[in-house]
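One structure is given here, and the rest of the page talks about it.
The values are calculated or read from the model by the stated rules, or taken from the named source; none is laboratory data. None of these values were measured; they are calculated from a predicted model. In this analysis, Cβ positions are derived from the backbone assuming ideal geometry, glycine residues included, and neighbour counts consider all displayed protein chains. Areas reflect the complete protein model, heavy atoms only, side chains present, ligands, DNA and RNA absent. Shrake-Rupley method; radii C 1.70, N 1.55, O 1.52, S 1.80 Å.
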Amino acid sequence: MEKTCKITEIFESIQGEGLNIGEKHLFIRLLGCNLKCKYCDTNILDDKKTVTLTKSALFDEIKHYSANTISFTGGEPLLQSEFLKDFLSENKKSLKKKIYLETNGSLPYNLRDVIEYIDVVAMDIKLESAAGQKNDFSVNDEFLLVARDSEVFAKVVFDENITDKEILEIANLGIKHGIEIILQPKMPISKNLDMTGIFQKLYKKYSRIRLIPQVHKYLNLP
């Protein structure tokens, strides 16, 4: 029986986060997530819009879009890694598009299923101070080891509660894996947030960082 995937949205828009900001992407939003971050702006359990598609049905749905990059996002797309592996192994060459994965970085074993088909990995580093749940940085480390042969960067959503210990953990991951790290202030940005001060704290420990807010929200894009 052909595998299926639960999808809540398919739409073209401008990438508003990370290193590929400003590019036109085709976003495929998959249902479900294994985390519950306080700042999440996506209804990960919204079954009202959810459609269940086979590989062939998804291919037919997206083949006419013009964007040169397909962004699998969520929720957490790696919860459906078996489907993604089957879909991409069969269709990536036909689609002739770059494959971009937006992920919370907590499922390294699922990433192994699909990494050979992924061109760009945009991995979140979740901070307890902002997300409201404890993060295991050793899992992020393992995830980055799996992703190392792709183009990979990390995104860190932060607010005024970020701790010196979290800054050290972020720096250590950057140093070990040599990745770009995007500091992304939690929206809406608090008046108490010293963005440049936090940037400088991390920069002293690891300099391959950038401070970039969610640009699509300023442009009123999805």
Q) Can you name the residue in the stretch 169-210 that is in a helix (DSSP H, G or I) and closer than 18 Å to residue 133 by Cα and, of all such residues, is least open to solvent (accessible area, probe 1.4 Å)? A) 170
Q) For the stretch 122-152, what are the residues that are surrounded by 15 or more Cβ atoms within 10 Å (Cβ to Cβ), out of contact with any Asp or Glu (no Cβ under 8 Å at 6 or more places or on another chain) and polar (S, T, N, Q)? A) 140
Q) Regarding residue 126, is this residue closer than 24 Å to residue 156 by Cβ, of a type in the set (D, E, K, R) and at pLDDT 95 or above? A) yes
Q | Of residues in the stretch 1-37 being of a type in the set (Lys, Arg) and not in a strand (DSSP E or B), the one nearest to residue 119 (Cα to Cα) | A | 3
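Would you mind finding the one in 110, 91, 20 that is over 19 Å from the mean Cα position of the chain (by Cα) and of a type outside the set (A, V, I, L, M)? Outline the logic, then answer.
Details: 110 fails: over 19 Å from the mean Cα position of the chain (by Cα); 20 fails: over 19 Å from the mean Cα position of the chain (by Cα).
That would be 91, the only listed residue that is over 19 Å from the mean Cα position of the chain (by Cα) and of a type outside the set (A, V, I, L, M).
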Q: Tell me which of these residue 132 doesn't satisfy, since it passes every other one: (1) closer than 22 Å to residue 80 by Cβ; (2) touching a Cys at 6+ places or on another chain (Cβ under 8 Å).
A: (1)
Q: State all residues of the stretch 99-143 that are within 20 Å of residue 162 (Cβ to Cβ), of a type outside the set (Ser, Thr, Tyr) and assigned to a helix (DSSP H, G or I); if no residue qualifies, say none.
A: 128, 130, 131, 137, 139, 140, 141
Q) Given the structure, is residue 84 touching a strand residue (DSSP E or B) at 6+ places or on another chain (Cβ under 8 Å) and free of Cβ contacts under 8 Å to residues at least 40 places away in the same chain? A) no
Q) If only one of 107, 111, 79, 145 is more than 16 Å from residue 182 (Cα to Cα), among the aliphatic types (A, V, I, L, M) and in contact (Cβ under 8 Å) with a residue 60 or more places away in the chain, which one is it? A) 107
Q. Tally time: how many residues in the stretch 59-87 are over 18 Å from residue 108 (Cα atoms) and either among the hydrophobic types (A, V, I, L, M, F, W, C) or open to solvent by less than 40 Å² (accessible area, probe 1.4 Å) (or both)?
A. 7
Q. Within the stretch 149-161, which residues are β-branched (Val, Ile, Thr) and either within 16 Å of residue 213 (Cα to Cα) or in contact with a Gly (Cβ under 6 Å, 6 or more places away or on another chain) (or both)?
A. 156, 157
Q. Yes or no: residue 155 out of contact with any Ser or Thr (no Cβ under 9 Å at 6 or more places or on another chain), open to solvent by less than 40 Å² (accessible area, probe 1.4 Å) and either part of a loop (DSSP other than H, G, I, E, B) or under 30 Å from residue 12 (Cβ atoms) (or both)?
A. yes
Q. Just to be sure, is residue 43 open to solvent by 70 Å² or more (accessible area, probe 1.4 Å), at pLDDT 95 or above and not β-branched (Val, Ile, Thr)?
A. no
Q.
Considering only residues that are among the aliphatic types (A, V, I, L, M) and modelled with pLDDT under 95, which ones fall in the stretch 166-192?
A. 187, 189
Q) Hey, does the stretch 105-120 have a residue that's touching a Cys at 6+ places or on another chain (Cβ under 9 Å), under 22 Å from residue 12 (Cα atoms) and buried (at least 19 other Cβ atoms within 10 Å of the Cβ)? A) no
